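First the structure, in the form of C-alpha cells, and then the observations on it.
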Amino acid sequence: MARLGYAPQWNASAPVSRGQRIKFVDAFDDMLIAHETGNTVSVLEPSTGARRWSLDLAGPLAKFIGNLRLPEGDVLSASEDEVFVLDGRSGVIKKRQKLAVLANTRPVLAGNTVVFGCGTGEVLGHNLISGYKLWGFQMPGAIEGDLAVIGPFVGAVSQTGEIVVLDPARGASVGRARIFDGVNVPPASSEDSMFIAGRDRSVWGFTALTDSKPLWRVRTERPLRDRPVHHEGTVFVTIAERGLTALDAFTGEVKWSNKDATGSVVAVRRGRLIVWNGETAFAVDPERGDIHERTELPGVSRIVFDAFVDGNAYLVEPAGLVQKFSPRN
C-alpha cells in the first residue's frame, strides 16, 4: 500500500462466526460497519480498530442485502424482508420493520425513505417513520443490480434492460429508457446522468431526465463484467478487449485504454486512480492511462474507502482481519 500512497495505521478483527466470512464492509469517518454471512453486525472505531459493539442480528439463513449509516449516526441493516435500525453507539435495536415486498438490492436512503430494487421488478419506497410501504414502481424483469443515485433521483435497471429514474419522494418516473439486455454490475452515475455497462456488449450514457434516447453508446466485443465509475467528467470501465478504458461522460469518446490495467476504480489518491481487480491494485494516471504503481494484495477480498478522493483505506480479508491505511504525505 505504500506504493499507492498509504501508511499503515492498525490491524483489527471483525467478529466472524465459525464457517462464515465477511459479507459487507462500509466505512465512514466515525464508524466501520462489518457484516458477516452468519449475520453478526459489528461497528469498529475508525481511529483504533477497537470493537464498539457487535450484535447477532439473525441466523445465517436470513438473507441480508446491505447496511447504511443514517444521518443521526445510527445504523440501518436491511434483509430481504426486514429493516433494522440499530443505535450507532450501543447496537441496541431501535426499530424493526417488515418490508412489503422482498428486496433484492442494497438500500438507498432519500430523506426518510429507503429505496430498494426487488426480484419482482418493483422499485420499493419504504418509509422509516411509519414503518410501511410509501410507494412502489413496477418494471418488467427482476432488479438485481444496485440502484444508482443521480443527484436527487434514483435510477434502476431491470434484467430485461428497462431503465427508470424515479423521484424517491413520490415514486414518480422522471425518465425512462431501454437497452437490449440486463446488467451484471451496478450502473455509475453523476449529478445528472447514468452510465450502464450492459450484458448487451455496450456501455451506455443517459441523462436522467431524457426519455428513451441515450447520450451515447460504445459497443464492446463481450458483455461488461466490471463496475463502471464516473469521476470528473470521465467514465472508467474495464472492457475485455481493451483493458481499463476512459470514456468522455458527455460524448462516449474513448480517451485512452490500457490492456495492462483491469478491474474497477475504487478511489483516487494524489490525483491517480486506484484500480482493484480482486488480486492487484494499480495506481493509474487518469489523463493518459499510464500505470505508475502496482501491488499484489494476497488474501484481501475487498478494499473499502471512507472517501472516494484521498480517503482512508481498509483492506479486508474473508476471515475478518481488517487493516487500516491512511494517506501519507
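Residue count for the range 204-222 satisfying the condition of being surrounded by fewer than 18 Cβ atoms within 10 Å (Cβ to Cβ) and assigned to a loop (DSSP other than H, G, I, E, B): 8. For Pro71, the stated conditions hold: it is over 16 Å from the mean Cα position of the chain (by Cα), closer than 29 Å to Pro187 by Cβ and in a loop (DSSP other than H, G, I, E, B).
Residue by residue, here is whether (1) in contact with a helix residue (DSSP H, G or I) (Cβ under 9 Å, 6 or more places away or on another chain); (2) surrounded by 20 or more Cβ atoms within 10 Å (Cβ to Cβ); (3) of a type in the set (Lys, Arg) holds:
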| residue | (1), (2), (3) |
| --- | --- |
| Ala34 | no, yes, no |
| Gly38 | no, yes, no |
| Glu45 | no, no, no |
| Arg51 | no, no, yes |
| Glu72 | no, no, no |
| Ser77 | no, yes, no |
| Glu82 | no, no, no |
| Lys94 | no, no, yes |
| Tyr132 | no, no, no |
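If you go through the range 172-188 and pick out every residue that is in contact with a Phe, Trp or Tyr (Cβ under 7 Å, 6 or more places away or on another chain) and crowded, with 19+ Cβ neighbours inside 10 Å, you end up with 4. The residues listed here are Ala249, Ala188; of these, the one that is small (Gly, Ala, Ser), touching a residue at least 40 places away in the same chain (Cβ under 8 Å) and closer than 30 Å to Ala7 by Cα is Ala188.
Condition check: more than 23 Å from Pro187 (Cα to Cα), part of a strand (DSSP E or B) and hydroxyl-bearing (Ser, Thr, Tyr). Does Thr238 satisfy that? No, not satisfied. Restricting attention to the range 308-329, the residues being in a loop (DSSP other than H, G, I, E, B) and in contact (Cβ under 8 Å) with a residue 24 or more places away in the chain number 9.
Number of residues in the range 86-120 that are in contact (Cβ under 8 Å) with a residue 40 or more places away in the chain and over 20 Å from the mean Cα position of the chain (by Cα) equals 3. What about Val85, is it in a strand (DSSP E or B), touching a Leu at 6+ places or on another chain (Cβ under 8 Å) and farther than 21 Å from Asp306 by Cβ? Yes, satisfied. Inspect the range 275-289 for any residue being without any contact (Cβ under 8 Å) to a residue 40 or more places away in the chain, of a type in the set (Val, Ile, Thr) and surrounded by fewer than 18 Cβ atoms within 10 Å (Cβ to Cβ) and give the result as yes or no. Looking for residues that are without any contact (Cβ under 8 Å) to a residue 40 or more places away in the chain, of a type in the set (Val, Ile, Thr) and surrounded by fewer than 18 Cβ atoms within 10 Å (Cβ to Cβ), one finds at least one in the range 275-289, hence yes.
Bear in mind these aren't lab numbers, they're just calculated from the coordinates by the rules spelled out. Fair warning: this is a prediction, and the values are worked out from it, not measured in the lab. Positions of Cβ are generated from backbone atoms using ideal geometry, with glycine treated the same way; all protein chains shown enter the neighbour counts.
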